[in-house]
Amino acid sequence: MSIPFRLPEIYHGLAEGHGRLHVGEEGLRLEFRVKDAVFGVLKSRVKEVFIPYADIESFELKIGWFRRRLFIHTRSLQLVEDFPGDDDGCIILNVRKSPKDRIREIHSHITLHMSEQKLREIDSWPDSL
């Protein structure tokens with residue numbers, strides 16, 4: 001499963017980013033490219049960030065009248081240090097070009113995978129607790 005996204009203002013509006021969010025069995029893979037917002041000529045190479053479900057603190061979907069956004073809060077800043085626009089371990093993805101049903105389906109899959117990861121963590125706890 002994957003969904004296209006756009007990044008909010010990067011580098012104070014001097015750049016824009018586009019990419020795809022891929023939902024896998026082990027975590028989320030974010031492929032993205034950044035280009036200058038003035039001429040649109042200068043493009044970075046395609047970069048990739050992988051976030052395991054175990055390292056996601058929370059995941060939110062906000063659907064408004066004019067925008068649909070996904071918020072991914074990570075447990076570590078190191079996971080997303082190469083992701084543009086991230087300062088505090090929170091990644092914001094604008095996904096307005098996708099149908100609401102598709103976005104909700106992606107949200108459900110991610111929430112399910114995160115719940116399964118938490119159950120695996122609980123099962124691995126020692127019985128002495």
Note on the range 105-129: residues exposed (fewer than 13 other Cβ atoms within 10 Å of the Cβ) and among the charged types (D, E, K, R) are Glu116, Lys118, Arg120, Glu121, Asp123, Asp127
If you go through Arg20, Arg75, Arg68, the only one that is surrounded by 12 or more Cβ atoms within 10 Å (Cβ to Cβ) and farther than 21 Å from Ser2 by Cα is Arg75
Note on Glu25: of the conditions (1) out of contact with any Leu (no Cβ under 7 Å at 6 or more places or on another chain); (2) not in a loop (DSSP other than H, G, I, E, B), unmet is (2)
*asked:* Going by what's in this entry, would Val80 be described as β-branched (Val, Ile, Thr), over 21 Å from Arg96 (Cα atoms) and at pLDDT below 90?
replied: yes
Per the filter on the range 82-127, residues of a type in the set (S, T, N, Q) and either closer than 22 Å to Ile10 by Cβ or within 12 Å of the chain's Cα centre (by Cα) (or both) are Asn94, Ser98
Just one listed residue, out of Leu61, Leu30, Leu21, is under 18 Å from Thr111 (Cα atoms), in contact (Cβ under 8 Å) with a residue 12 or more places away in the chain, hydrophobic (A, V, I, L, M, F, W, C) and in contact with a Pro (Cβ under 9 Å, 6 or more places away or on another chain), and it is Leu21
Within the range 80-127, residues within 16 Å of Glu16 (Cα to Cα) and of a type in the set (Val, Ile, Thr) come out as Ile91, Ile92, Val95
Are any of the residues in the range 49-57 of a type outside the set (Gly, Ala, Ser), in contact with a Phe, Trp or Tyr (Cβ under 7 Å, 6 or more places away or on another chain) and farther than 11 Å from Leu93 by Cβ?
yes
Log entry, pairs with first residue in the range 72-95 being of a type in the set (Gly, Ala, Ser), second being surrounded by fewer than 20 Cβ atoms within 10 Å (Cβ to Cβ) and modelled with pLDDT under 90, beta carbons closer than 6 Å, six or more apart or on different chains, reads Gly85/Ile10; Gly89/Leu77
Exactly one of Glu60, Glu9 is surrounded by fewer than 16 Cβ atoms within 10 Å (Cβ to Cβ) and at pLDDT 90 or above, and that one is Glu60
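Here is a yes/no grid of residues against (1) among the small types (Gly, Ala, Ser); (2) assigned to a helix (DSSP H, G or I); (3) closer than 30 Å to Glu121 by Cα:
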{"site": "Ile3", "(1), (2), (3)": "no, no, yes"}
{"site": "Leu7", "(1), (2), (3)": "no, no, no"}
{"site": "Arg29", "(1), (2), (3)": "no, no, yes"}
{"site": "Phe50", "(1), (2), (3)": "no, no, yes"}
{"site": "His73", "(1), (2), (3)": "no, no, yes"}
{"site": "Phe83", "(1), (2), (3)": "no, no, yes"}
{"site": "Ile92", "(1), (2), (3)": "no, no, yes"}
{"site": "Arg104", "(1), (2), (3)": "no, yes, yes"}
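The values are calculated or read from the model by the stated rules, or taken from the named source; none is laboratory data. It should be emphasised that the depicted structure is a prediction, and the values quoted were computed from it without experimental measurement. No Cβ is skipped: glycine too gets one built from the backbone with ideal geometry, and neighbour counts run over all protein chains shown.
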